[in-house]
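J.: One structure follows; several queries about it will come next.
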Amino acid sequence: MSMFENWIMTTQSDDEPDFVPLFSLEEEDEAKQGEVFPDTMPILPLKNTVLFPGIVTPITIGRDKSIRAVQKAYEDNRLVGVLSQKDIKIESPTARDLYRVGTIARILKLLKMPDGSTTAILQGRKRFQLDDMVTEDPYMIGEISTLEYEQPKNKLEFKAMLSSIRDAAKQIIELSPQIPSEAVVMLKNISNDNFLLNFIASNLGIKIEEKQRILEISNLKEKSNRILEHMDSELQLLELKDQIEAKVRNDIEKQQRDYFLSQQLKTIQEELGQNPQEEEINGLIIRAHKKKWPKNVEEVFLREINKLRRVNPQVAEYAIGLNYLETILDLPWLEFTKDNFDLKKVKDVLDKDHYGLSKVKERILEHLAVLKLKGDMKAPILCLVGPPGVGKTSLGNSIAKALKRKYVRMSLGGLHDEAEIRGHRKTYIGAMPGRIVQSLKKAKSGNPVFILDEIDKVGKDFRGDPSSALLEVLDPEQNTTFHDNYLEIEYDLSKVLFIATANSLSTIQPALLDRMEIIEIAGYSLEEKVEIAKRHLIPEQRKEHGLKPGHVKISDKALIRIIQSYTAESGVRSLAREIGSVMRSVAKKVAMEEAYEVMVKPEHIHGILGPTKYDAEVYKEKQEPGVAIGLAWTSVGGEILFIEVSLNKGNGRLQLTGNLGDVMKESASTALSYIKAHTAQLGLEPEVFDRTDIHVHVPEGAIPKDGPSAGVTMLTAITSAFVGKPVKPFLAMTGEITLRGKVLPVGGIKEKILAAKRAGLKEVLLCRENEKHVLEIEAEYIKGLTFRYVDRMDEVLESAIGLSPLKVNGAVKGKKKEKMEVV
């Protein structure tokens, strides 16, 4: 209850309040210096209020003891001690149930009401403290002592505080519509400071306990400070309430204003013979007559347009229906671009934009050839898989340009919501089609080249599984009738040429993977990177930096230096950045008109790009026993991997470090088991394993590593450590091993071999079954590399460490090794 609302209430001694305390402009107890109060007097308990000195309030009395006390006091000196109850639920309070500090009240009038009850009009006179309760029967009589106020020492500060209280009271009155404005005049007429504080405290909308605390405070400064705190809290609440009511009032007024204006506008338009709703609908119908679309779509359109005619334009359903019809009209149902069937020109465009990538180009040309001969064919769904920076995404744009089709790209990285693919039902506010349909709407063609970028990075959570929704999109048997939740009409996607891109196949759902034609794009060799830089990167960077061909040229040797010493990637993104740094250096000299050499040579690179970032010399050093070089495949291309083995005195424990995965740990265990099983052939004592701890470490521990392809490297490193012979220098290896002593093929061969070539290694050891993958690589890219193909693990040890083939029962195990120099 806010301040001064109490005015319309009566305080009762035993019932809920009905009216509010009145007030007396007569000054309170200090005004009558000579007034004397007796030491004992009747005590009147009050339930729901605290009586302050100077305040006049009517009280309805219902309890017998209270009636007897009031009547006795009225007959004697008309003075009664008023104390508030601690707990209003107690019907027959005792001395323990009353506060010790109260107010001496004068009974101004005692009225007998028509309903039989007694009402006493009391005026607070002075505060007192109950010293002792003399008796409680037939009514309460107590011994009392009066209390005086402590006057403030700093009069000016006290006066300022009273002024603040008056201002706050005025603001509360202004913000409370139920309080009459005359209250402000009344406040101005109160001249006594004590009475002002008591009057405001009596009317504060706070709990009885808080009012009692204020009554008990004798220090006027402290009392005024406590009152001001409560007033500030009430004022903040009223201001917030007023803001909320004003906002609601403005919103309602705006809605009413908009409604009246729209009705007036409607009336004016009708008088002028205009109907914007009908004009809007007629415009849609005219567009529909010119539209090429299937018959079932036309039927849906006509049904929805008839519904729209019956809807009031002011309701939300009208806008939803209008948006739906516009979406249907905007979609290219039977609108296709004409393909470019000049296969030679298509090949020229693809070759001009991208160097290499022959598999992808060949597949596109095959599709066009069949389409040219047959006239109609479902578009293939390709998935380009390869490390970053090899041109997967940009190839889609090039294909669209070569085919003269529209180009659409949709990034799937981080997509979690299935509705992004299928859309929302149109019944929801703000609903719209999925991104597949939206992209076709923007393309304005039913057969664009549609790039689904980063399909391996699609997420999955409580909102659905987008990769499952893509199953329908990428299935040639189903995408003729693709269902979007917003459209609720089947849409034919079979003419769309979908090209997905991914860095890895491991995270793609198997069912989704099965629907796509996988084309692996390996990383670029050194020679390919030089050619790409000369054909594309240098001209592009030169143009981006405002330079002309005459301003700068980069020699092939300088390019090779940049590629080998400043980049370590399968693609060319880092190479493009480094070339950009060279261009910025030249642009600065051109802008400042400094003298410089136009031809950038290898010796200039260090001054422009700074110290080298990658050094291949570390792979060429002769390693100590227990160190072998492996080849690994990652989503960003091939990598060189060191395997280090250390032997220490112990009890045969195998320790693996370097952030290794389970499969890699199992490879180490398999290698050790194989060595233990062939100790005699290796010239080792079986007991050596019981007294030796083996520590296998793979450097760069912050990077997680896993996979079976490090098996042969683990075997070689552990054996090298035990026999004390170093591994042959310039040798790298990859392959999976088994307990039976076999070497199994692994994947990512091209990336691994190119990584070995970049590192300056000379010999690569592989499983014999991987030979076919090596033959797919152009000979000029691997010139200078020697390949050794093996079937068994003893052949690995012979080639890498120089150990003789292991013999079992006197027979040599394994076939004769082969050596092939690829030139």
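The values are calculated or read from the model by the stated rules, or taken from the named source; none is laboratory data. In this text the structure is predicted, and so the values were computed from the model without any measurement. Cβ placement follows ideal geometry from the backbone for every residue including glycine, while neighbour counts extend to all protein chains displayed. Heads up: the accessible areas ignore ligands, DNA and RNA and are worked out on the full protein's heavy atoms, side chains in. Shrake-Rupley method; radii C 1.70, N 1.55, O 1.52, S 1.80 Å.
J.: Between Asp348 and Ile285, what's the calculated FRET efficiency when r is the beta-carbon distance and R0 is 45 Å? Round to 0.05.
T.: With R0 = 45 Å, the Cβ-Cβ based efficiency is 0.45.
J.: Kindly provide the pair-distance distribution of region 421-522 built from C-alpha pairs, with 10 Å bins from 0 and whole-percent values in order of increasing distance.
T.: Distribution as computed: 14, 46, 33, 6, 0 percent.
J.: Starting from the alpha-carbon convex hull of region 38-143, give the projected area averaged over all orientations, in nm².
T.: 6.0 nm²
J.: Got a sec? Which residues in region 325-346 would a label at Ile429 touch, if it sits 7 Å along Cα→Cβ and we count backbone N under 15 Å?
T.: Residues passing the 15 Å test: none.
J.: Can you tell me the accessible area per residue over region 295-347, all protein chains present, probe 1.4 angstrom, in square angstrom?
T.: Per-residue value: 59 Å².
J.: Holding the Cα-Cα limit at 21 Å, pick out from Lys534/Lys557; Lys344/Lys441; Lys442/Lys543; Lys406/Lys457 the pairs that are longer than that.
T.: Lys344/Lys441; Lys442/Lys543; Lys406/Lys457
J.: With a probe of 1.4 Å, find how much accessible area region 733-786 has per residue, and write the answer as a whole number in Å².
T.: 40 Å²
J.: Too long at a 22 Å Cα-Cα cut-off: which of Lys359/Lys529; Lys728/Lys757; Lys65/Lys109; Lys86/Lys241; Lys352/Lys529?
T.: Lys86/Lys241
J.: Suppose the chain between Glu700 and Asn296 were pulled fully straight at 0.36 nm per residue; how much longer would it get relative to their current alpha carbon spacing?
T.: Result: 139.3 nm gained on full extension.
J.: Would you calculate, for the chain, the mean residue ellipticity at 222 nm contributed by helices, counting each DSSP H stretch of 4 or more residues as -39,500 (n - 2.57) and dividing by all residues, to the nearest 500?
T.: The helix-only estimate for the chain comes to -12500 deg cm²/dmol at 222 nm.
J.: Let me ask another. Return the FRET efficiency for the residue pair Arg584, Lys613: r is the Cβ-Cβ distance, R0 is 25 Å, and the value is rounded to the nearest 0.05.
T.: Efficiency computed from Cβ-Cβ geometry: 0.90.
J.: How many nm separate the modelled label positions at Leu237 and Asn189, each set 7 Å beyond the Cα in the direction of the Cβ?
T.: 2.9 nm
J.: Follow-up question, since we're still on this one. Nearest 5 percent is fine: what portion of the DSSP beta bridges confined to the chain is antiparallel?
T.: 60 percent
J.: Please calculate how many Å² of accessible area region 422-571 carries per residue, with a 1.4 Å probe and no DNA, RNA or ligand atoms counted.
T.: Here the residues of region 422-571 average 43 Å² of exposed surface.
J.: Heads up, I need the accessible area for Arg577: 1.4 angstrom probe, whole protein in place, Å², nearest 10.
T.: 140 Å²
J.: Which entry in [x] 47.1, 136; [y] 28.6, 93; [z] 27.7, 100 is this structure's computed Rg and Dmax of the Cα atoms in Å?
T.: Given [x] 47.1, 136; [y] 28.6, 93; [z] 27.7, 100, the calculated one carries the label [x].
J.: Pop a pseudo-label 7 angstrom from the Cα along the beta-carbon direction at both Thr786 and Glu304 and give the gap in nm to one decimal.
T.: According to this spin-label approximation, the distance is 7.2 nm.
J.: At q = 0.10, 0.14, 0.18 Å⁻¹, what log₁₀ I(q)/I(0) does region 637-769 have when each alpha carbon counts as one equal point scatterer in the Debye sum?
T.: The Debye formula, applied to the Cα set alone, gives -0.32, -0.63, -1.04.
J.: Loop-only check: which trypsin sites (Lys or Arg not before Pro) in region 317-371 are DSSP coil with at most 10 other Cβ within 10 angstrom?
T.: Lys338
J.: Next question. In the chain, what percent of the accessible surface is made up of carbon and sulfur (1.4 Å probe, ligands and nucleic acids excluded)?
T.: In the chain, the share of accessible area belonging to carbon and sulfur is 51 percent.
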